[in-house]
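*Asks:* Quick one: the structure is below, and I'll ask about it shortly.
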Amino acid sequence: MSAVISKPLVAPVESAKEPGNFLTHTSGFLSWALTLDHKRIGLMYLVGVMSSFLLGGVLALVVRAHLFYADGAFLTLKQYNQIFTLHGAVMVFLFIIPSVPAALGNFLLPIMLGAKDVAFPRLNLSSFYLWVGGAIFFLVAMLTTGLDTGWTFYTPYSLETTGPVVLATMGVFILGFSSIFTGLNFIVTINTMRPPGMTWFRMPLLLWAIYSTSIIQVLATPVLGITMLLLMAERFLGIGIFDPKLNGDPVTYQHFFWFYSHPAVYIMILPAMGIISELMSVHSHKGIFGYRMIAYSSVAIALFGFLVWGHHMFTSGMANVTTIVFSALTFTVSIPSAIKVFNWLFTMYKGTVSLTTPMLYALSFMFLFTIGGLTGLPLGALSIDRHFHDTYFVVAHFHYVMMGGTLVAFLGGIFHWWPKMVGKMYNELGGQISAGIVFVGFNLTFLPQFVLGTRGMPRRYATYVPEFEFLHQLSTYGAFLLGIGLFVALGVLINSLFRGKKAPTNPWGGATLEWVCSSPPPHDNFSKPPVVGDPYDFRGLEYDAREGGYVRRK
Amino acid sequence: MSDITIPTSEHADDHSHDHPAWLAHHFDDAEQQFDSGKLGMWLFLVTEVLFFSGMFVAYALFRSLHPEVFVYASQFLNAKLGAINTGVLLFSSLTMAWAVRAAQLSQQKILVSMLAMTLSCAAMFLGVKAVEYTHKWDLGLLPAGMYITQGVAEPNHGNWLQILCIPAAVFAVIFAGWYLFALVGRNRFQLQIAGPLLVASLCFFAGVQLGVFLESGESHGDAHGSGHGATHGDHHEGAGDHAAHAIIVDHMVATSIPGQAFPSEVFVDPKRVGIDEPEINQRGRAGIFFGIYYMMTGIHAVHILGGMGVITWLIVKAARHEFHSKYFGPVDNVGLYWHLVDFIWIFLFPLLYLIR
Amino acid sequence: MRQLFLNLNELVFSLRTVEIMFFLIADQNKTFWFPEQASTFAPEVDWFFLAVTYISLAFFVLIVGFMVYFMYAYRERPGYRGSPEALHNNALEIGWTVVPTIIAVWIFYRGTIGFLDMMTIPADTRDVQVVAKKWAWSFGYPNGVIDNELHLVVNEPAKMIMRSDDVLHSLFVPAFRAKCDVVPGRYATMWFEPTKTGTYDLFCSEYCGDQHSKMGAKVVVHTKEEYDAWFTKMQIPPSDPVEYGKLLYAKTMGCASCHSIDGAKIVGPSFKGTWGGEVALAVGGTVPFDENYVRESVLNPQAKARAGYEKASLMPSYQGRLKEEQISALIAYMKSLKSE
């Protein structure tokens, strides 16, 4: 039986005419639930992370609605604490960290690389189920009994509170393994599965970004694992190292936690940067400006990202020298990020810019991420941070990076690769409108929060002094507008599944390998080994009205 | 052709020359598959090292802050037990390395027996560990939250060792039954699996016996230390001799399991160890040392358990003749993992036991 | 080499001019960005933030300007074809690496200088013992005077010696641009020098549980004379026990952060209308709410936890922190609540 199966793989010519794609390849629930196909696993992740995002987003709206009035609109203080905790934890652990690498990365990485699958397909499936299991663990724990520690689980509060800290940290621990295995799989795939001709510097920049991300996932996440384990042991047994009642030190916990969680910030933003590299170049129909600089800066960010965790603790009473060193290192990370922004900008220079939906999201990213990055400068400066630390300035800053950066890039990426993933084109105007609403709504939500922060509004407050009310209300209006924009985007995508035109092989004129295989791709990605060229060589790619997409003319 | 391409196709039994069964379909050749597996394993080991590094950092931090606590508390650890366990693990690394070599040379019998030896050493390690732990629980040498000030409060004695022996005894009984069943049925394949598992579960009791013996040596005071050293040596040499141990231990299991406590006088009397430092002998001081001690050795023991699981899996595959000179990646990778677990213990032993 | 040095010198000099310029822009009063400047730290933080913001704004305008221009100039349109050659430009790439680096170094340098000023505590300070607990601040002054407001003298540096009785807290006075975490198990110290009399907000800025957002206090900056008058008054407790009890309840001991007098349930039970009645216990049964019950509950809160307040452990024991006459005063105050 399997002889029949393995034959076509070594004789690809035979199966070249094989009909069907990875969606229709086999059918039935089990063919999805037990699939080893990276594309199906990617799509399942996509559904999972989008559901988590929906949950996290609704919680965000609840938080914003509550903060409409200075005394709080409708939640008790405890409920508010539980909801902001749930919002943060769901967004960080269930949405942003797996969003680009696990969902889009799984789908795209082997195809862009020209491989048949990731190196360890079964490990890939088990990472997915670890993610599902961890997510269920985490959500059940949090929804049934209400965790109220904030997503950081700072001791000693997390040792005292009655919330389900052990269950939730167990969930985080499991999710961590999912993340480690995904990262490990990707590193091995990129190292060993590159087809002939795919040299390191012929890899699309998204792969460089995912590779850097994977390094962080593999190197940082185990430390989160042990931290969570120590926290559980602290609660269960009282091992004493984090509990001040037993002579332990809460600041040690913070060091442990941020040693993971700061690099985790780069797990969130690096793949988004990779997406932007692709979008800017494809939709400008021009090669990326300074390919090597972008590739190296991804790696540089990944490495520097490990050395700056202390800037989350500038006011916690670290020694002055330590604090200053962390401040200096923090500024080093800003440089590679700045380089990337300039490179993306000049990718448009003398290109042919088409303002498609993905491009609009990419341009939004440029705008929002620049704000997010630049507002990091005052936070890194020690004297200003004494005032800004733990205020809404920080909240606005990281939302500009995490949401204006990662989420917007993720949406752009989804619109960009949606035709490839499902084989349908969406309504372009609808997509453009969604990008516009998201952009306006986002700025309306978070720009006022910068001012709230400089005026001294502390974060994680369920109620606040009345003079902040106006800015909070602006922010709430913005949040609901943002919510509408996101629902429009979702509607456009879902609508395309039913009414969309059939997608051509290459709708945007991309030069990377995923645009060589049909939309959606066949089960084995490439029926014959792909010809690997420069991923940003757009010469000869021309629009063909009959095809509805781009074809390469020699 | 296309209607039967199920995704698990690489499980097939077929030995096609182009794409043999042991080569997964998405790999081009055996070399790529081997390299991928190896790189994956090394990366996994990196994550393991980082995982443990968190605890090493905690250790370094608290030791540098309170060196006197570590000096004081480590005297409660029995260096002899630590040393014997180090020996057992080193020996198991040797057998594991030999197993890898056997797989590369397609020496199927040696492969199975070397894996069995490794598994048995792991069980023995856990046996010794069980004695060590339960002894401390008896004395109230517990993590900070539960630490009982030594020599003041009366610790809470329990039959911890018996309780820990129950699962091992259950396993021993099951494997013995399986072994007999296979013997009667003349099923060579099952014998090859049940045999090693039975020996390993009995080796746990050998470890327990060894641990109890060494621990009881303490109560006679330091004067007899040299004499005991010789005795340990004998036992250590005998460690690989599974059959002999199996008989002794079988006997021991039969007599000791049903609720009969080990005589408590074999354990260290807390009043004999130096407890003259009331400043340190309390929850927030010595207790933190034990918190770190239990975390480090406990998680290490969990890794031993995991290793035993994968070695068992290897024994099953080896008994099925799946490994040969062209395909031995799993043995190689598990070997790497096992050496790492061993390596970590080599750090734990001096850091925890040999502070004085 | 010499030329380079001169250039650097000039650069440093011009940066200094820019600094002074921004210093002048930063207004002394409440601005769009900042609350009032009420400490010596505030002008430094404000001008520096504005400087960084304007530099950032320049970059931002540059980037977005180029972006919009490129969007327009190179838009896809019939008859236009971009030229795909411009993929690399060493001068440009080195430029946009070096310029941000120089700016980042300058921001780091200035920030660190300001930080070291904030961390260097002057020799002669007025010390205040700060205790943070869920969810109230208490400030201890000489002679055992305790208050729930922070009283300071204008133009005199004050040092906070802070500890936490339970979880992490953080003392934050926006008008002073000063903040420091209070970590349980160690003392934290911070200092500031108020420059303006008035009343300012003090927040807890490290998440500490249910009432985190209610854990505020007021900072009152006095002139020297006002402070002395206040301090003298605080040293003599009111002779009327009800008044004294009210003072203890509302200010000194901070009972009010958990027990209301209007019937609302904050954390612990309200004192309204309970005196003289019977209260249900968590373990079942009732006890009269009388002098002995109050005394026991203050000294050993866990002894007779009320139904609905099983976690009486939230309340610390006041054994040794309240004198007998203070307990009597509190009892008198509770009695008075009934008659109102």
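*Asks:* Can you give me the distance in nm between label points at A:Thr322 and C:Ile94, each placed 7 Å from the Cα along the Cα-to-Cβ direction?
*Replies:* 4.0 nm
*Asks:* In segment C:240-314, which chymotrypsin sites (Phe, Trp or Tyr not before Pro) fall in coil by DSSP and have 13 or fewer other Cβ atoms within 10 Å?
*Replies:* For chymotrypsin sites (Phe, Trp or Tyr not before Pro) across segment C:240-314 that sit outside H, G, I, E and B with at most 13 neighbouring Cβ atoms in 10 Å, the list is empty.
*Asks:* Next question, about the same structure. For segment B:142-203, what are Rg and Dmax over the alpha carbons, in angstrom?
*Replies:* Cα-based Rg and Dmax for segment B:142-203 come out at 19.5, 60 Å.
*Asks:* Also: Run the simple label-point estimate for C:Leu62 and B:Ile174 please: 7 Å along Cα→C-beta, distance reported in nm.
*Replies:* The modelled label-to-label distance comes out at 6.9 nm.
*Asks:* Could you tell me how many degrees, from 0 to 90 and to the nearest 10, lie between the Cα long axis of helix A:291-304 and the main elongation axis, the longest principal axis, of the Cα atoms of chain A?
*Replies:* Tilt of helix A:291-304: around 30 degrees.
*Asks:* A follow-up question, please. Other chains near B:50-61: what is the mean number of their Cβ atoms within 10 Å of each residue's Cβ?
*Replies:* That average works out to 5.
*Asks:* Return the whole-Å distance between the Cα centroid of segment C:47-123 and the Cα centroid of segment B:166-216.
*Replies:* 69 Å
*Asks:* With the Cα gyration tensor of segment A:91-154 giving a ≥ b ≥ c as the square roots of its eigenvalues, does the rule (a/c under 1.5 for rounded; else a/b larger than b/c for prolate; else oblate) give rounded, prolate or oblate?
*Replies:* It is prolate, given that a/c is not under 1.5 and a/b is the larger ratio.
*Asks:* Given the rule -39500 (n - 2.57) for each run of at least 4 DSSP H residues, summed and divided by the residues of chain A, what is its mean residue ellipticity at 222 nm, to the nearest 500 deg cm²/dmol?
*Replies:* The per-residue figure over chain A is -21000 deg cm²/dmol.
*Asks:* Per DSSP helix of 4 or more residues, -39500 (n - 2.57); summed, then divided by the residues of chain C. What does that give at 222 nm, rounded to the nearest 500?
*Replies:* Calculated from helices alone, the mean residue ellipticity at 222 nm is -13000 deg cm²/dmol.
*Asks:* Using every alpha carbon pair in chain A, what percent of pairs falls into each 20 Å bin from 0 up to the bin containing the largest distance?
*Replies:* Distribution as computed: 21, 56, 21, 2 percent.
*Asks:* Rounded to the nearest 0.05, what FRET efficiency do B:Phe343 and B:Leu105 have when you use their Cβ-Cβ distance and R0 = 22 Å?
*Replies:* With a Förster radius of 22 Å, E is 0.30.
*Asks:* At 20 angstrom or more along the helix axis (alpha-carbon based) and mean Kyte-Doolittle of 1.0 or higher, what helices does chain C contain? Whole DSSP H runs only.
*Replies:* In chain C, the long hydrophobic H runs are C:2-25, C:41-73, C:90-119.
*Asks:* Here's another thing I want to ask about it. Could you compute Rg(Cα) / (2.2 N^0.38 Å) for the protein assembly as shown, with N its residue count?
*Replies:* 1.03
*Asks:* Using only C-alpha atoms and all pairs of different ones, pull out the Kirkwood radius for segment C:126-235 in Å with one decimal.
*Replies:* 13.9 Å
*Asks:* Compute the distance in nm between two label points, each set 7 Å from the Cα along the Cα-to-Cβ direction, one at C:Gln319 and one at B:Asp29.
*Replies:* Each label point lies 7 Å from its Cα, and together they span 8.0 nm.
*Asks:* Give me the angle, in degrees from 0 to 90, between the Cα long axis of helix A:165-192 and the longest principal axis of the Cα atoms of chain A, rounded to the nearest 10.
*Replies:* 30 degrees
*Asks:* Net charge near A:Ser31: determine it from the other residues with C-beta under 11 Å of the C-beta of A:Ser31, scoring Lys and Arg +1 and Asp and Glu -1.
*Replies:* 0
*Asks:* Let me ask something else about it. Take the alpha-carbon positions of chain C, form their convex hull, and give its projected area averaged over all directions (one quarter of the hull surface) in nm².
*Replies:* Taking the Cα atoms of chain C, their convex hull projects to 28.8 nm² on average.
*Asks:* Can you give the three extents of the C-alpha atoms in segment A:19-62 along their principal axes, from longest to shortest, in whole Å?
*Replies:* On the principal axes, segment A:19-62 reaches 47, 18, 15 Å in Cα extent.
*Asks:* For segment C:197-270, what does the alpha-carbon gyration tensor say about shape, rounded, prolate or oblate, given a ≥ b ≥ c as the root eigenvalues, a/c under 1.5 as rounded, and a/b over b/c as prolate?
*Replies:* Oblate, since a/c reaches 1.5 and b/c is not below a/b.
*Asks:* Once Lys and Arg get +1 and Asp and Glu get -1 on their Cβ, which of C:Thr232, A:Trp32, A:Leu229 lies farthest toward the positive end of the dipole of the protein assembly as shown?
*Replies:* A:Trp32
*Asks:* Next question, about the same structure. Around A:Leu67, what is the net charge, scoring Lys/Arg as +1 and Asp/Glu as -1 over all other residues with Cβ under 12 Å from its Cβ?
*Replies:* +1
*Asks:* Roughly what % of DSSP beta bridges within chain C run antiparallel, to the nearest 5?
*Replies:* The antiparallel proportion sits near 70 percent.
*Asks:* Rounded to the nearest 0.05, what FRET efficiency do C:Tyr187 and A:Val299 give with R0 = 35 Å and r taken as the Cβ-Cβ distance? Could you check?
*Replies:* 0.25
*Asks:* Next question. Evaluate 2.2 N^0.38 Å with N set to the residue count of segment C:58-161, then give the Cα radius of gyration divided by it.
*Replies:* 2.18
*Asks:* Once a ≥ b ≥ c are taken as the square roots of the eigenvalues of the Cα gyration tensor of segment C:241-339, is the result rounded (a/c under 1.5), prolate (a/b larger than b/c) or oblate (a/b not larger than b/c)?
*Replies:* Rounded.
*Asks:* Here's another thing I want to ask about it. If the convex hull of the alpha-carbon atoms of segment A:455-554 is projected onto planes in all directions, what is the mean projected area in square nanometres?
*Replies:* Reported value for the Cα convex hull: 12.3 nm².
*Asks:* Which whole-number percent is the relative contact order of chain C (Cα, under 8 Å, 6+ apart)?
*Replies:* Worked out over chain C, it gives 13 percent.
*Asks:* Hand me the chymotrypsin sites (Phe, Trp or Tyr not before Pro) from segment A:38-135 located in a DSSP loop with no more than 11 other Cβ atoms within 10 Å, in residue order please.
*Replies:* Hits after loop and neighbour filter: A:Phe74.
*Asks:* Shifting gears a bit: Can you give the FRET efficiency to the nearest 0.05 for A:Leu54 and A:Leu143, using r as the Cβ-Cβ distance and R₀ = 22 Å?
*Replies:* My answer for the efficiency is 0.90.
Quick note: the coordinates plus some simple rules give every number you see, no bench work behind them. Given the structure is predicted, the values throughout are model-derived calculations rather than measurements. Here Cβ is always computed from backbone atoms with ideal geometry, including for glycine, and neighbour counts include all displayed protein chains.
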